Amino acid sequence: MTLEVRNLQTHFHTKAGVVRAVDGVSFSVAEGKILGLVGESGSGKSVTGFSIMGLVDPPGRIVGGQVLFQGRDIVGLPEAEIRKLRGNRIAMIFQDPMMTLNPVLKVETQMIEAIRAHADVDRKTAWTRARDALGQVGIPSPEERLASYPHQFSGGMRQRVAIAIALLNKPDLIVADEPTTALDVTIQGQILYEVQKLARETRTALIWITHDLSVVASLADEICVMYAGRIVERGSVDEVLDAPAHPYTAGLIGSVPSRNAKGQPLTQIPGVMPSMLNLPSGCAFRLRCAHADARCEVAPPEPVGPRGVRCVRPLAGPRTGAAA
Amino acid sequence: MTVFIIRRLMQSGLVLLLMSLIVFFGVFAIGDPVEIFIAADADQAERERAIAALGLDRPIWEQYFFFVANALKGDLGRSFVFNMPSIDLILMRLPATLELALVAVAMSVLIGVPLGMYAGYRPDSVGAKTIMAGSIFGFSLPTFWVGLMLILIFAVELGWLPSTGRGELGTFLGVQSSLFTWNGLSHLFLPALNLALFNISLVIRLTRAGMRENLPMDYVKFARAKGLSQRRVVLVHVLKNILIPIVTVVGLEIGQVIAFAVVTETIFAWPGMGKLIIDSINNLDRPVIVAYLLIIVIMFIVINLIVDILYSILDPRVRLGDMGK
Ligand SMILES: Nc1ncnc2c1ncn2[C@@H]1O[C@H](COP(=O)(O)OP(=O)(O)O)[C@@H](O)[C@H]1O
Ligand SMILES: [Mg+2]
């Protein structure tokens, strides 16, 4: 198993109180597999990604759980140790390509330093590898582009550069945090296709974070649906999308257009995500849930196993996690 | 780039012409130097001879055109007091002021940037809070008072450093300066620190603000996600972004420091242009005042040009061709 996250808890100690941004999340990704991490904005997906990278900044802190990377728990490793993994064995792609590259450094500088942070190679060798990586992600005339600054690239091209940087050291795991959200649809499609191809070819494990179910539908092997810092449903793509068990998942599916439901009106999940400082007791979703009743006021059991749901009154699909 | 510089030089010429008008007529308005030079008991004939000798009997327009024509030949008039070309007089004093200003600006960067970076990197530490409190003093205490205190403490009480004059001059590559001898440097230290204090505070606050603004940005997190050392992230990625506003401010500081040197030079008896201009104003030595002001204007123009060029080197998003339009 490339990555196994066990009962991860990342909390932010703010003046207003403790924000349990990630509150007991468990999942795993195997070599060459793609996991889709899905949920509305604010559900704790990015914080989960940063926790894996060891990049949670104060007031946030990992307060519990384990992040087992190739069997080794990397939570609480000394900075120097975790830095050897970052950008080397585990890479991350960020959401907004306009913001992730340093505006005042040439692309080649930003690529070469990423190689030389982990390998003792001369600049020339590093430059060649950087050029090849740019070519690999479909950037035309990579030699010239290396000498450019980020502002000379379009958004889609910048994200390709960021992806090329993530691929530079042939990582075993890539955390992609909504990398196509800021791009327009055609470019989104190209990038999805290419990343999938690259991940399959290199057998890299990939965590693809998104709020858009239709994106993971064509991409992922497995899906974890997150709500208010917890995973509320997990399963293979087909299981989750064809027979969602959690009303929240069903709501997410109902809110995106699909081929199967052509002509039917889109539905929306009523209400907004509750404040993380002030979650309802029991099931965090129950105040927005059409199916909720008195039983939902006690916390539903943890979903376990490859197919599970955190709900005492699931729709179709599996029974509660405890029974699965 | 070339187009930019040519356009800039043309603009500068215009600015210089306007400034010469303002300065020349402005200085005319402030009083009649003849009263100061001519003995009170001189008779009318003597008076008129003196006035004619100074060229002051001509109409003011004619004096101005005469002045401009000479200025274009590099002659900015003769000092009434020293009876020598005012430009020579100023250029003689220029190195003293320049070395003072240069050291003051260097101090403001070399002290201000590291302190500001630390204060921005660890904003809640005791060190950062001390630095920020100190910078408030640097901002608000008047230069002359700080200068007197520096003299009192380091020269009078402790006796560590001299407090007047330039000390020994050394020669290096044909330039004479107190930068090149230990004795000269010891003379330079207190006045330069005095002159730098305000700017150190300014650079500290600017750098700290830049750190606070840049550290939470995505590009910093991405740089860390690549596995770079914190050192490289801060000293290369963040510093390079912060330097852009700092270069602008430091550039403007050079001009401001030269202008403010007047106070410091007076307190530390530093034989620079500032002291000369104060004496010249007291004596209504018009040619010297005019020449001084014009040289200051030229200096500002040159500094701004250099700042703009540096700016474009530091920030690839700025293209010089688009500036100054
Ligand atoms: N620096 C922070 N301080 C306080 N709370 C934070 C901070 N960063 C994130 N959070 C909280 O963590 C929660 C999850 O955020 P995030 O992981 O960014 O959501 P997502 O990526 O799913 O949109 C948010 O509700 C937010 O309030
Ligand atoms: Mg996010």
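Any read-out appearing in this document is the output of simple, stated calculations on the displayed coordinates, not a laboratory observation. Nothing here was measured: the structure is a model prediction, and the numbers come from that model. Cβ: placed from backbone, ideal geometry, glycine included. Neighbour counts: every protein chain shown.
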TODO: Compute the FRET efficiency between A:Val63 and A:Asp184 as 1/(1 + (r/R0)^6), taking r as their Cβ-Cβ distance and R0 = 45 Å, and round to the nearest 0.05.
DONE: 0.70
Open item on the list: Give me the inter-chain shielding for A:100-111: mean count of other chain Cβ atoms within 10 Å, whole number please.
Closed with: 5
Open item on the list: Please compute, for peptide B:210-222, the average count of beta-carbon atoms on other protein chains lying within 10 Å of each residue's beta-carbon.
Closed with: 4
Open item on the list: I need the peptides B:273-279, A:15-21, A:199-205 ranked by packing, meaning the mean over residues of other C-beta atoms within 10 angstrom, with the highest value on top.
Closed with: B:273-279, A:199-205, A:15-21
TODO: Would you mind giving the mean number of other chain beta-carbons within 10 Å of the Cβ of each residue in A:77-87, as a whole number?
DONE: 2
Open item on the list: What is the distance in Å between the Cα centroid of the range A:150-166 and that of the range A:188-234?
Closed with: 20 Å
Open item on the list: I need the peptides A:129-137, A:63-71, A:161-169, B:263-271 ranked by packing, meaning the mean over residues of other C-beta atoms within 10 angstrom, with the highest value on top.
Closed with: A:161-169, B:263-271, A:129-137, A:63-71
Task: Zero-based 10 Å bins, Cα pair distances in the protein assembly as shown, whole percents - done: 3, 12, 18, 17, 14, 11, 9, 7, 5, 2, 1, 0, 0
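Past the 21 angstrom mark, what percentage of all C-alpha to C-alpha distances in the range B:87-322 do you count? Let's see the in-between values first.
Values: 17450 of 27730 pairs.
Within the range B:87-322, distances greater than 21 Å cover 63 percent of Cα pairs.
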Task: Using a Förster distance of 60 Å, the FRET efficiency for B:Thr164-A:Glu144 (Cβ separation, nearest 0.05) - done: 0.50
TODO: Just name one of B:Gly251, B:Thr130, B:Val15: the one whose Cα is farthest towards the positive end of the charge dipole of chain B (beta-carbon charges, Lys/Arg +1, Asp/Glu -1).
DONE: B:Thr130
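Based on other C-beta atoms within 10 Å, arrange B:Val15, B:Val220 from fewest to most.
On the way: B:Val15 14, B:Val220 20.
Starting with the residue having the fewest Cβ neighbours, the order is B:Val15, B:Val220.
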Task: Tensor-based shape of the range A:1-74 (alpha-carbon gyration tensor, a/c under 1.5 rounded, otherwise prolate or oblate) - done: prolate
- [ ] Assign unit charges at the C-beta atoms only (+1 for Lys and Arg, -1 for Asp and Glu), then state the dipole size of the range B:87-322 relative to its Cα centre in Debye, rounded to the nearest 20.
- [x] 1060 debye
Task: Residue-averaged [θ]222 nm for chain B, counting only DSSP H segments that reach four residues, each worth -39500 (n - 2.57) - done: -23500 deg cm²/dmol
Open item on the list: Under a crude label model (7 Å from the Cα following the beta-carbon direction), how far is A:Leu277 from B:Asp124 in nanometres?
Closed with: 1.7 nm
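Please arrange A:Thr2, A:Thr249, A:Thr14 by counting, for each residue, the other beta carbons lying within 10 Å of its beta carbon, fewest first.
Working: A:Thr2 23, A:Thr249 28, A:Thr14 12.
The order, fewest Cβ neighbours first, is A:Thr14, A:Thr2, A:Thr249.
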- [ ] Show that you can apply the helix-only estimate: for chain A, add -39,500 (n - 2.57) for every DSSP H stretch of four or more residues, divide by all residues, and state [θ] at 222 nm to the nearest 500.
- [x] -8500 deg cm²/dmol
Task: Model label zone, A:Arg295; criterion: amide N under 13 Å from point 7 Å along Cα-to-beta-carbon; scope the range A:205-231 - done: none
Open item on the list: Could you list A:His211, A:His13, B:His237 so that the one with the fewest beta carbons within 10 Å of its beta carbon is first and the one with the most is last?
Closed with: A:His13, A:His211, B:His237
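Report the FRET efficiency, 1/(1 + (r/R0)^6), for A:Glu81 and A:Leu266, where r is their Cβ-Cβ distance and R0 is 51 Å, rounded to 0.05.
Numbers: r = 48 Å, r/R0 = 0.93.
With R0 = 51 Å, the Cβ-Cβ based efficiency is 0.60.
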Open item on the list: Below 19 Å, Cα to Cα, which lysines can B:Lys240 reach? Residues fewer than 8 away in the same chain don't count.
Closed with: A:Lys106, B:Lys221, B:Lys226
TODO: Just report the Cα centroid separation between the range A:50-83 and the range A:281-298, whole Å.
DONE: 33 Å
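Arrange the peptides A:186-194, A:238-246 so that the one whose residues have, on average, the most other Cβ atoms within 10 Å appears first.
A:238-246, A:186-194
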